[in-house]
1. So, of the residues in region 417-462 that are among the β-branched types (Val, Ile, Thr) and surrounded by fewer than 24 Cβ atoms within 10 Å (Cβ to Cβ), which turns out to be nearest to the chain's Cα centre (by Cα)?
2. Kindly provide the set of residues from region 60-93 that are closer than 30 Å to Asp157 by Cα and within 16 Å of ligand 1 (Cβ to nearest atom), ordered by number.
3. All but one of (1) open to solvent by 30 Å² or more (accessible area, probe 1.4 Å); (2) closer than 18 Å to Ile338 by Cα; (3) within 16 Å of ligand 2 (Cβ to nearest atom); (4) not β-branched (Val, Ile, Thr) hold for Glu393; which doesn't?
4. Look at Arg266 and say whether it is away from ligand 1 (no atom under 16 Å from the Cβ), part of a helix (DSSP H, G or I) and at pLDDT 95 or above.
5. Could you run through region 41-74 and say how many residues are part of a loop (DSSP other than H, G, I, E, B) and either crowded, with 19+ Cβ neighbours inside 10 Å or modelled with pLDDT of 95 or more (or both)?
6. If a residue has to be within 30 Å of Arg151 (Cβ to Cβ) and in contact with a Gly (Cβ under 9 Å, 6 or more places away or on another chain) to count, how many in region 241-259 make the cut?
7. Write out, first by first residue and then by second, each pair whose Cβ atoms fall under 6 Å of each other, whose residues are 6+ apart or on separate chains, and whose first residue, in region 345-368, is under 20 Å from Trp283 (Cβ atoms) while the second is outside any helix (DSSP H, G or I) and of a type in the set (Phe, Trp, Tyr).
8. When you go through Leu249, Leu244 one by one, which is the residue that is surrounded by 20 or more Cβ atoms within 10 Å (Cβ to Cβ), touching a helix residue (DSSP H, G or I) at 6+ places or on another chain (Cβ under 8 Å), closer than 30 Å to Ala58 by Cα and touching a residue at least 40 places away in the same chain (Cβ under 8 Å)?
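The values are calculated or read from the model by the stated rules, or taken from the named source; none is laboratory data. Just so we're clear, the structure is a prediction, and the values are computed from it rather than from any experiment. Cβ sites come from the backbone with ideal geometry, for glycine too, and all protein chains shown count toward neighbours. Surface areas here come from the heavy atoms of the whole protein model, side chains and all, with no ligands, DNA or RNA. Shrake-Rupley method; radii C 1.70, N 1.55, O 1.52, S 1.80 Å.
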Amino acid sequence: MKTTQTSTLKTKPQATPIPHTPNWTPPTWRDFPAAQQPSWSSVDELESITNQLRKQPALVFSGEMRKLTSQLARVAAGKAFLLQAGDCAESFDTSAPSIREKLRIILQMAIVLTYSGGLPLVKVGRIAGQFAKPRSKPTETVNNVELESFRGHIVNDTEFTREARTPDPQRLLTAYHRSASTLNLLRSFTRGGFADLSQVSKWNREFVASSAAGQRYSRMADEIHRALKFINACNINSSNTPQLHEVELYTSHEALLLNYEEGLTRVDSLTGMWYDCSAHMLWIGERTRQVDGAHVEFLRGVHNPIGCKIGPTVTPDEALRLCEVLNPHKIPGRLTFISRIGASHVNTLLPPLLKAVRDSDYPVVWVCDPMHGNTYTTSRGRKTRHFDDVLAEIRGFFAAHKKSGTWPGGIHIELTGENVTECLGGSDQLSDEDLEQAFETLCDPRLNGRQSVDLAFQVSELLTEYMEDD
Ligand code: PEP
Ligand code: CO
């Protein structure tokens, strides 16, 4: 494999303790302009809920976050690949089977990428807390009635009534409890047998299995079964190998509502460092990445691994400024740039960003979000994305990294395990008309189970090509 940007960098070794962030405490973000905050019905109630969140148990633990940082450091060094995937907006009404189906698709994608790519895969869900949405307009007007836009279930509800759309601070507490129960379910699924590698063929549900990608998956699962049988026939005791029976799935969401994030920020008793214990990894969205804004201020001080979306308007200088503020100590794995440039501009806009970061000392994990730069509205008024554009942006991402000798570290995908029809194309060639069958998303269109497994195979081929060329 080609020398990647980080292997030659003068970066600090992982064991070095991370220094405290100067002039930072959880509420310092309040002195900076915070974009995309709802117009809460009562500021006093908001503060009282933030105080209640401070007393709740942490959802995730700092040791897990340090482990994820070190796994992301391997991605930064070109020795692993990241799959970050899940819903655009989780719902408070998500059922346990729907969470299980989402996990099932993530596991299927992960096994495809691991088996074909031959690299360790870091798995991070957009799950157990992905409830807040940035909006292009703060309000929505229907028949001359203007109401707050739907901002995710952590803020308000979808129905177009004043009652449903009024931002309700109590929802922050509900979001906390929903995250806790989703996380509990995920922990039991990933540790309690569901994710056992011997179950690999059972993850292929009928509606996925009947597609071309699903059949390809079945053949791969058979090969894995044969390999496992071979290991057992050699008398190698695989029962003591947790990697074969459990999966590590980390959680992530956009850190949009800063009261919520502040309320769940704790000092780790072992290291004395601040961690945002609402999820393992938090990211800053495209609309809130202002270097002098509240979101960057908040996330610069917590020691979780963090992501930052970068869209077509970011300049190389801005990207370097973000590195400087969010990762001043150049810790590998600390900062992930999630590029979401769009298929038509990725070839021209990504290379100068890669070059600027490569030529600086900052280690960055580069991940491609091929969803958010490729959204458009159909003539029937559906917000959608075409599978071909999603794939084209990923191709452009790999090509740009090849040219600059950097590592295409991963993909960031919006998906669901359900048989929805929200994104066009794919092997079923979903058309405009098909979108009317099962368009269920609360926010952006998601790849369905078949399209997700199909995409995983396509990405695994790009990954193999990238590595074979070296
Ligand atoms: C998202 O990830 O759902 C999102 C809104 O992304 P972006 O900030 O990149 O637009
Ligand atoms: Co989205």
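1. Thr441
2. Leu83, Gln84, Ala85, Gly86, Asp87, Cys88, Ala89, Glu90, Ser91
3. Single failed check for Glu393: (1).
4. no
5. 7
6. Going through region 241-259 one residue at a time, the tally reaches 9.
7. So the pair list comes out as Val364/Phe337; Trp366/Phe337.
8. The unique qualifying residue is Leu249.
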